[in-house]
Amino acid sequence: MVWGRRHRWLLVAAALLLACTAPAGRTAVPARHDRPVPILMYHVIAAAPSGVAYPDLFVRPSDFAGQMKWLARRGYHGVTLRQVYDYWRSGTPLPRRPIVVSFDDGYMSDHTKALPVLQKLDWPGVLNLKVGNTLSNYNLPPWRVRKLIAAGWEIDAHTLTHPDLTAVDDNRLWKEVHGSRLSIQRTFHVPVDFFCYPAGRYNAHVIEAVRRAGFLAATTTNYGLARPARPYELSRIRVNAPDGVAGFARKLEGLAPQTY
């Protein structure tokens with residue numbers, strides 16, 4: 001009888017010891033949250049006018065709609081840069097095939113052409129806003145920006161006047177970088193945590209100004225997938241006028257990361 005009780009006690013003790021030590025012996029491998037994410041770069045969603053200076057920056061509305069439909073059919077889902085950053089920083093879950101759809105400068109077509117297409121998919125956009133473009137009704141006045149915000153778009157800073165930041169003095173650099181963040185925050189009362197370098201021009205000095213202004217990351221015009229190792233040099237995939245849907249598909253298929 002005594003042995004039976006002792007035997008049962010030993011079994012219980014062994015079970016408890018196993019329960020306590022097993023997790024340590026089978027340490028779970030932390031889930032990866034460092035995978036690259038594609039960030040698309042658009043400018044104007046419209047047919048390029050005859051004689052315009054940079055026709056490649058114009059994407060026809062029908063092409064844009066076709067490109068978004070192509071993505072949706074292949075399981076992509078639009079997210080904000082903030083969602084990507086939170087995934088990289090702390091593993092906050094993302095959709096299985098996340099993609100950021102970003103628009104530089106701030107043009108009326110962001111509201112009139114891009115927004116309706118993205119709304120049908122229930123996707124947000126990311127607007128890299130040049131503050132100067134809010135001063136004209138022909139670009140993107142504040143009331144149109146507020147419509148984008150109400151639809152879930154993220155607003156990031158793209159300077160006040162779009163200069164080459166590598167060629168300005170320190171006072172101008174700070175005004176363009178820090179000043180654009182403050183201006184957007186005060187006008188629209190939204191967080192402004194990410195920056196976009198005008199024309200993709202940056203160097204170490206510019207990066208330090210962006211970091212000092214409180215931005216968490218910044219996008220470039222470098223071609224490729226965005227990766228967390230270099231948060232202030234995030235690559236993007238430029239979408240050009242001649243791409244159409246077929247050229248767009250080739251770009252994405254050539255760079256597609258693993259699914260999440």
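The values are calculated or read from the model by the stated rules, or taken from the named source; none is laboratory data. Worth saying up front: this structure is predicted, and the values here are computed from it rather than measured. Counting neighbours? That spans all protein chains shown, and the Cβs are built from the backbone with ideal geometry, glycine included. Ligands, DNA and RNA are excluded from the accessible area calculation, which covers all protein heavy atoms including side chains. Shrake-Rupley method; radii C 1.70, N 1.55, O 1.52, S 1.80 Å.
Here are some notes:
- Per residue, the range 27-160 exposes an accessible area of 45 Å² to a 1.4 Å probe, with every protein chain left in place.
- Cα-derived Rg over Rh, computed across the chain with Rh taken as Kirkwood radius: 1.18
- Exposure ranking of 233, 208 by accessible area [1.4 Å probe, largest first]: 208, 233
- Among the lysines of the chain, pairs at least eight places apart or on separate chains and with Cα atoms under 17 Å apart come to 7.
- Among beta bridges from DSSP that stay inside the chain, the antiparallel ones total about 5%.
- Residue 53-residue 31 pseudo-label distance in nm [points 7 Å out on the Cα-to-Cβ vector]: 4.7 nm
- Rel. contact order, % - alpha carbon contacts under 8 angstrom, at least six apart, the chain: 21 percent
- Model label points for residue 186 and residue 143, set 7 angstrom from Cα along the Cα-to-Cβ axis, are 2.3 nm apart.
- Coil-residue trypsin sites (Lys or Arg not before Pro) of the range 163-243, DSSP, other Cβ within 10 Å capped at 16: 201
- Surface share of carbon and sulfur [accessible, 1.4 angstrom probe, percent] for the chain: 56 percent
- Charge sum, other residues only, whose C-beta stays under 13 Å from residue 97's C-beta, Lys/Arg counted +1 and Asp/Glu -1: +3
- Other residues lying with their Cβ under 14 Å from the Cβ of residue 146 contribute a combined charge of +1, Lys and Arg counting +1, Asp and Glu -1.
- Residue-averaged 222 nm ellipticity for the chain, from DSSP H runs of 4+ at -39500 (n - 2.57), nearest 500: -12500 deg cm²/dmol
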